[in-house]
1. Of everything in segment 35-62, what is within 18 Å of the chain's Cα centre (by Cα) and within 29 Å of Gln3 (Cβ to Cβ)? Give them in sequence order.
2. Is it the case that Ser110 is closer than 23 Å to Ile30 by Cα and within 12 Å of the chain's Cα centre (by Cα)?
3. Out of the residues in segment 88-106 meeting the condition of being surrounded by 13 or more Cβ atoms within 10 Å (Cβ to Cβ) and modelled with pLDDT of 85 or more, tell me which one is farthest from the chain's Cα centre (by Cα).
4. Of the conditions (1) under 16 Å from the mean Cα position of the chain (by Cα); (2) buried (at least 17 other Cβ atoms within 10 Å of the Cβ); (3) at pLDDT 85 or above, Gly32 fails just one. Which one is it?
5. When residues of segment 82-129 are filtered for being assigned to a helix (DSSP H, G or I), free of Cβ contacts under 8 Å to residues at least 60 places away in the same chain and polar (S, T, N, Q), how many remain?
6. Taking Ile39, is it exposed (fewer than 15 other Cβ atoms within 10 Å of the Cβ) and either touching a helix residue (DSSP H, G or I) at 6+ places or on another chain (Cβ under 6 Å) or under 30 Å from Ser100 (Cβ atoms) (or both)?
7. Restrict the check to segment 63-86 and report whether at least one residue is more than 30 Å from Arg5 (Cβ to Cβ) and under 17 Å from the mean Cα position of the chain (by Cα).
Amino acid sequence: MKQARTFPLSRKLLRSLCALFIWIALISGIFGLLTGSAITGVVWTGLGLLVLIVVIEGRLISRLEQKQFPVLSLVLIVVVIFLVGVSELINLLTLRPALSVSYVFDALYSLGMLILGGYAALQLLRQDR
């Protein structure tokens, strides 16, 4: 049976994917706390802080570094990041400026997703070389 092509995970790739998740979790969590969705806010903030602690501590990332990762999974992740990025870009272009908490969080969320998602996708594409 033919083996699927794989590549080793790098520390930069793992950290960029963690940064993307931390951004999503913390922005969603803080927004939830500020708008009265306490349970959702606590869960997202807790998850974001947990991943942040894992990244800072570094032991788990060191264990994952150089593990083999299938190329088809790489393609799937890049496609998902691209589609989310397109969605966030459309959101930014259609967002009407306003002085409200929801506007600020929506704009920050979209900008962070575009920047961190683009960086993570770039790291993923560089992995296959």
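The values are calculated or read from the model by the stated rules, or taken from the named source; none is laboratory data. This is a predicted model, so every value here is computed, not measured. Neighbour counts run over all protein chains shown; Cβ positions are idealised from the backbone, glycine included.
1. Leu60, Ile61
2. yes
3. My answer is Leu89.
4. (1)
5. 4
6. Details: exposed (fewer than 15 other Cβ atoms within 10 Å of the Cβ): yes; either touching a helix residue (DSSP H, G or I) at 6+ places or on another chain (Cβ under 6 Å) or under 30 Å from Ser100 (Cβ atoms) (or both): yes.
Against the criterion (exposed (fewer than 15 other Cβ atoms within 10 Å of the Cβ) and either touching a helix residue (DSSP H, G or I) at 6+ places or on another chain (Cβ under 6 Å) or under 30 Å from Ser100 (Cβ atoms) (or both)), Ile39 qualifies.
7. no
To keep it simple, each residue is scored yes or no on (1) free of Cβ contacts under 8 Å to residues at least 12 places away in the same chain; (2) in contact with a strand residue (DSSP E or B) (Cβ under 9 Å, 6 or more places away or on another chain); (3) under 20 Å from Ala121 (Cβ atoms).
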{"residue": "Trp23", "(1), (2), (3)": "no, no, yes"}
{"residue": "Gly29", "(1), (2), (3)": "no, no, no"}
{"residue": "Pro70", "(1), (2), (3)": "no, yes, yes"}
{"residue": "Val80", "(1), (2), (3)": "yes, no, yes"}
